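Accompanying notes for the structure given below.
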Amino acid sequence: MSDQYIGEIRMFSGKYAPVGWELCNGQLLTITGNEALFSLIGVKYGGDGATNFALPDLRGRLPIHNCSQYPWASKGGVETVMLTEEYLPAHTHGVYANNIANEATENSPANNTWGVSNLTNYQTNVSSNIVQMNNKLVSNVGGTQSHSNIMPSFVINFIIATNGLYPDFQ
């Protein structure tokens, strides 16, 4: 790998970084001996700025080009998400039912899916003698467990050049 710029990041299929390169694993480097790289990235990725600085940590992360919405060296995103009601758009569910007296087996709809009735119409003036419907019809579904938020991926190492050509500022 010749003619790389100091601070250049490349994908690399090896398990280790070649000479003149380091893995982008967020590790600290001493400023002494790495002055050129430090002058380019400073402490944007961490470090104390007096004796050390950190390399970018691209493990499990997707690099994106910097812009006003995503400034240089910013981090974002999560690996798992709990989908709760506040993340769902407002919506309604219609109720579809039939008078299926021939298939009903209970005289009371309490805790049952269907109840026997001699009424053929639903009423809007509900009496105070109401019963609870079967939980399978009206209960919440899901749980509090998270689901993966990671798109299909292929794992490869990112490396950063610690030696090479110093980039011009023009």
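Quick note: the coordinates plus some simple rules give every number you see, no bench work behind them. Note that this is a predicted model, so its numbers are computed, not measured. Glycine gets a Cβ as well: all are built from the backbone with ideal geometry, and neighbour counts include every protein chain shown.
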Inset, instruction - Tell me which residues come under 5 Å, amide H to amide H, from ASP57 once H is placed; ignore anything under 5 positions away on its chain. - result: GLY26
Legend entry - Relative exposure of VAL81, VAL43, VAL19, judged by other C-beta atoms within 10 Å (fewest first): VAL19, VAL81, VAL43
Legend entry - Value of Rg to Rh for the range 1-93 (Rh from inverse mean 1/r over Cα pairs, i.e. Kirkwood): 1.14
Legend entry - Long-range HN-HN contacts of TYR5 with modeled amide H, under 5 Å: LEU165
